[in-house]
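Colleague: Take this structure, written in C-alpha cells, and hold onto it; I'll ask about it next.
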Amino acid sequence: MDISKYRKDFPILNSDDSPVYLDSACMTLRPQVVIDAITDYYTNYPACGGRSVHKLSWQVTENFEMARDSLRRFMGAENPSEIVFTKNATESMNIVANGLNLKQGDEVLTSDKEHNANVVPWHHLAKYKGIKYDVLPAKDNYYFDIEALKESLNSKTKLFSFVHTSNLDGHTNPAKEIVEICHDKGVRVMMDTAQSAPHKEINVVDLDVDFAAVSAHKFCGPSGMGALYGKYDELKELIPTYVGGSTVVNSTYKDYELLPPPSCFEPGLQNYAGAIGSGAAAEYIMNIGRDNIQEHENKLNKLMTKELRDVESLDLVGPSDVNQRGGIFSFNLDGWDPTEVAMHLDEEYNIAIRSGMHCVHSWFNSRGIEGTARASVYLYNNEEDVLSFTNAIKESIEIRK
C-alpha cells in the first residue's frame with residue numbers, strides 16, 4: 001500500500017498542525033471523496049427521495065439505492081433488500097432485539113467482551129419483558145470458548161449475539177464455527193461487525209449469519225449512519241420497531257399494510273446525504289482492499305509492540321500475540337490513570353488516542369479494571385505515526401520518574 005497516496009485523501013492529515021491520529025477504533029477520519037459525495041447531495045439535488053416524481057427526487061432515490069448496493073457488496077450480501085439503513089450499529093442491534101418478539105423465559109446469550117450496544121438491549125428486555133440474558137465466559141480471559149458455547153445452548157436459547165472483532169483488544173472471534181454450532185442447535189445468530197468489516201473482508205453469506213450490524217463512522221463514512229444486514233426471510237419475520245411514513249403500502253382509519261423489507265424498517269424522511277456518503281465510503285474502502293488494510297495494520301501494530309515491549313511499566317491488555325490484536329494496542333501505565341495518559345499525549349505531543357472503558361463496561365467491571373488507554377491504527381497511519389507515539393510514551397515515563 002502506498003500510504004502517502006492515501007494520506008493525501010484526508011484533509012485533516014494535510015494541514016500544518018495535523019495530529020497523529022490513533023483513535024480510529026472509535027471513529028475513522030473521512031476522505032475527500034466522502035465529503036464530496038455528501039456536499040454533492042446538499043448542493044446539486046437536495047430533495048426528498050421516494051415520494052415526489054420530479055427529476056431531483058429520482059436522482060436522490062437512485063443514489064440512495066446505489067449506496068444500499070454498495071453496502072450490500074461491502075457486507076457480502078446477495079440482495080440489496082437485505083440491507084437496512086440505520087443510524088449506527090447500536091440501532092441495528094436494537095431493531096433485532098425488539099423485532100424478535102422475545103417473551104418471558106426466552107434466552108439470549110452473548111460473549112463476555114461485548115460493546116454496550118450488545119449488552120444493554122438484553123438487560124432492557126430482561127427488565128421489561130422477562131427474558132433471560134446470559135453471558136458466555138471467555139477462555140484464558142481473552143479468547144472465545146467454543147466448548148462453553150456448545151454446553152450453554154439449549155431449547156430456550158433464541159439468539160446468540162456476539163462481537164466479531166473486539167474494540168477492546170482487537171481480537172477476532174471464530175465467526176463461522178460459532179454460527180455453525182448455533183444453527184445446529186436451531187439458534188439464530190447476530191454479529192456485531194462494527195470493528196471487523198472496516199478492517200477485513202466480510203461475507204455474510206459464507207458465514208451464514210442471520211443478522212449483522214455495522215457503523216459507517218468506523219469505515220470512513222459519516223457519523224450517524226449504519227446498516228443492518230438480515231437474511232431476507234429473517235427480516236420478514238421481524239416486527240418493525242418504528243413505523244409511519246415510507247413504511248406502508250397504504251393505511252386507513254382502521255388498518256395499515258406494511259411494505260416489505262427494507263422499507264418497513266426505514267420510517268420517515270431518511271438521511272440521504274448520510275446514506276450516500278456511506279456508500280462512497282464503502283466503495284473507497286473496497287477499492288483499497290481490506291486484505292491490504294489488515295496487512296498494513298498488523299505491520300504497524302508489530303512495530304508498536306516491538307518498540308514498547310521492554311517498557312516495564314507498561315501493561316498490555318489483550319492477547320500477547322500481536323497477530324491476534326489487529327490494529328489495536330490497549331495498555332495501562334503504572335502510576336497513570338488511562339485518561340491522564342490520553343490527555344498528556346494530546347496536550348504535549350498532539351497525539352490522539354482513546355481512554356476509558358471503550359463502552360465495554362461489563363468486561364472491565366467484572367475484572368476490577370478502571371479502563372485502558374488505547375491506540376488504534378488504520379489505512380492512513382504510517383510508521384512515523386507509530387514512532388511518534390512510542391517515543392512519546394517512553395519519554396513521558398522518563399519525565400515522570
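Colleague: What residues from the range 349-382 fall in the zone where the backbone N is under 12 Å from a label point 7 Å along the Cα-to-C-beta line of residue 315?
Modeller: 367-373
Colleague: Related question: For a quick check: sort 152, 223 by the number of other beta carbons within 10 angstrom, fewest at the front.
Modeller: 223, 152
Colleague: Beta carbons within 10 angstrom, averaged per residue: use that to sort the peptides 243-250, 186-193, highest first.
Modeller: Ranking the peptides 243-250, 186-193 by packing returns 186-193, 243-250.
Colleague: Moving on to the next point. Calculate for the chain the 222 nm mean residue ellipticity that helices alone would give, adding -39,500 (n - 2.57) per DSSP H run of length 4 or more and normalising by residue count, nearest 500 deg cm²/dmol.
Modeller: Theoretical 222 nm ellipticity from helices: -12000 deg cm²/dmol.
Colleague: Given the peptides 47-55, 79-87, arrange them by the average over their residues of other C-beta atoms within 10 Å, most packed first.
Modeller: Peptide ranking by packing, descending: 79-87, 47-55.
Colleague: Can you give the % of DSSP beta bridges in the range 160-257 that are antiparallel, to the nearest 5? Walk me through the numbers before you get to the answer.
Modeller: Details: 8 of 15 bridges.
In the range 160-257, approximately 55 percent of DSSP beta bridges are antiparallel ones.
Colleague: What's the ranking of 386-394, 255-263 by average number of surrounding C-beta atoms within 10 Å, highest first?
Modeller: Highest to lowest by the protection proxy: 386-394, 255-263.
Colleague: At a 10 Å Cβ-Cβ cut-off, how would you order 374, 73, 30, fewest neighbours first?
Modeller: 73, 30, 374
Colleague: Separate question: To check you understand DSSP bridge types, tell me what percent of the beta bridges within the chain (both residues inside) are antiparallel, rounded to 5.
Modeller: If I count the DSSP bridges inside the chain, around 55 percent turn out antiparallel.
Colleague: Take the cross-link list 306/394; 129/236; 200/236 and give me the ones stretching past 18 Å between alpha-carbons.
Modeller: 129/236; 200/236
Colleague: Provide the per-residue ³J(HN,Hα) series for the range 157-165, in order, calculated from phi with Karplus coefficients 6.51, -1.76, 1.60 and θ = phi - 60°, each as a whole number of Hz, with x at glycine and proline positions.
Modeller: Result, ordered by residue: 6, 9, 7, 10, 10, 9, 7, 6, 10 Hz.
Colleague: Tell me whether the chain comes out rounded, prolate or oblate; compute the Cα gyration tensor, take square roots of the eigenvalues as a ≥ b ≥ c, and use a/c under 1.5 as the rounded threshold.
Modeller: It is oblate, given that a/c is not under 1.5 and a/b is not larger than b/c.
Colleague: Another question about this same structure. Could you give me the ³J(HN,Hα) list for the range 117-133, computed from phi with Karplus coefficients 6.51, -1.76, 1.60 and θ = phi - 60°, whole Hz, x at Gly and Pro?
Modeller: 4, 10, 10, 4, x, 6, 4, 4, 6, 5, 6, 9, 10, x, 6, 9, 10
Colleague: Please give the FRET efficiency for residue 339 paired with residue 391, using the beta carbon to beta carbon distance and R0 = 22 Å, rounded to the nearest 0.05.
Modeller: 0.55
Read-outs: derived from the displayed coordinates by stated rules, not from any lab. Everything numeric in this text was worked out from a predicted model, so none of it was measured. Cβ coordinates were reconstructed from backbone atoms using ideal geometry, including for glycine residues, and neighbour counts include every protein chain displayed.
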